[in-house]
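Colleague: I'd like to ask you about the structure that follows.
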Amino acid sequence: MTIKNRGTNNFFQINDRALSHKAKIVVHGNNNLIRVGPKTKLGKSSVDIDGNNNIVEIGSDCAANIVLKFRTDNACFRMGEKTTAIDARFYFHEHYHIEIGKDCMLSAGIVMSVSDMHNIMDLDTGLRINEGKDIVIGDHVWIGFLVQVMKGARIGRGSIIGTSAIVTKTIPEYCIAAGNPAKVIRKNVFWERRLSPSVDSKTARYPALQLQASWEGELDFAR
């Protein structure tokens with residue numbers, strides 16, 4: 001575990017056991033906040049901040065290998081409790097936010113960026129036309145292998161994003177989306193982390209299954 005604080009008024013709230021020996025945090029700048037919740041484990045992870053007034057908040061009971069790179073001021077990354085990530089990278093080159101809900105499951109090769117990292121200009125006016133935008137991921141979202149989530153994307157709770165999809169807009173809740181750009185291919189679904197034994201899909205049932213979402217957006221599967 002390596003923490004390098006090369007600024008002033010930076011605040012770190014991190015449990016000693018949260019960071020593995022492969023994890024590192026480097027901050028160049030002032031008034032940045034990094035908070036990692038209890039029982040969270042960050043494996044091969046890095047937080048690299050070059051800027052001021054940025055926020056990183058990771059909830060409790062998370063397990064993740066993540067890379068966070070900030071090259072701006074006033075940006076924010078939040079990950080909800082019980083979220084897992086095999087390998088995910090998040091890039092901030094403008095002052096926007098990435099919000100990931102509770103109990104999400106991120107596979108490997110995930111990339112999210114709040115901007116295009118370079119200007120695109122209108123030839124006639126000379127004005128920039130590719131302003132950055134927030135990314136918002138709801139609770140209990142499953143993001144598959146090699147997915148890219150672009151600026152302005154929003155994914156509703158309970159949804160699944162298929163392998164190698166590129167998400168560019170709003171995906172509604174409780175659906176499966178796939179492709180480039182990602183489009184809804186099935187509605188009215190939910191998912192679980194467990195893998196049940198194979199069954200005959202024609203006879204399989206979840207008796208009296210009720211899908212309930214509390215006001216906090218937490219999912220509760222009650223039989």
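FYI, it's all coordinate maths here, none of it is from the lab. This structure is a prediction, so every number in the text was calculated from the model and none was measured. A quick note on method: Cβ atoms are made from the backbone with ideal geometry, for glycine too, and the neighbour counts reach across all protein chains shown.
Colleague: If I model a spin label as a point 7 Å beyond the Cα along the Cα-Cβ vector, how far apart are those points for Val189 and Glu131 in nm?
Modeller: In this crude label model, Val189 to Glu131 measures out at 3.5 nm.
Colleague: Short version: what are the Cα gyration tensor semi-axes of the stretch 1-72, square root of 5 times each eigenvalue, largest first, in whole Å?
Modeller: Values: eigenvalues 74, 29, 22 Å².
Ellipsoid semi-axes (Å, largest first): 19, 12, 11.
Colleague: Do you know the relative contact order of the chain, to the nearest whole percent, from alpha carbon pairs under 8 angstrom that are 6+ apart?
Modeller: Numbers: 642 pairs, mean separation 22.0, N = 223.
That works out to 10 percent.
Colleague: In nm², what is the average projected area of the convex hull enclosing the Cα atoms of the stretch 8-131?
Modeller: Values: hull surface 31.8 nm².
Mean orientational projected area (the stretch 8-131, Cα hull): 7.9 nm².
Colleague: Shifting gears a bit: Taking amide H positions as placed 1.01 Å from N in the peptide plane, with prolines and chain starts having none, which residues 5 or more places from Val56, or on another chain, fall under 5 Å of its amide H?
Modeller: Leu33, Ile34, Arg35, Phe77
Colleague: Another question, then. Find the Rg to Rh ratio for the chain, where Rh is the Kirkwood radius over alpha-carbon pairs and Rg uses the same atoms.
Modeller: Values: Rg = 18.8 Å, Rh = 18.5 Å.
Answer for the chain: 1.02.
Colleague: In nanometres, what is the gap between the two model label sites at Asn53 and Met121, each 7 Å from Cα along Cα-to-Cβ?
Modeller: 2.7 nm
Colleague: Among the lysines, select those whose C-alpha is under 27 Å from the C-alpha of Lys102, and discard any that sit fewer than 8 residues away in the same chain.
Modeller: The qualifying lysines are Lys22, Lys24, Lys39, Lys41, Lys44, Lys69, Lys82, Lys133, Lys151, Lys169, Lys183, Lys187.
Colleague: For Val67, which sequence-distant residues (separation of 5 or more, or a different chain) have an amide H within less than 5 Å of its own amide H, given hydrogens modelled in the peptide plane?
Modeller: Ser46, Ala88, Arg89, Phe90
Colleague: Using a 10 Å cut-off around each Cβ, can you sort Phe92, Phe11, Phe145 from fewest to most neighbouring Cβ atoms? Each step should come with its number before you reach the end.
Modeller: Values: Phe92 27, Phe11 11, Phe145 16.
By the 10 Å Cβ count, ascending: Phe11, Phe145, Phe92.
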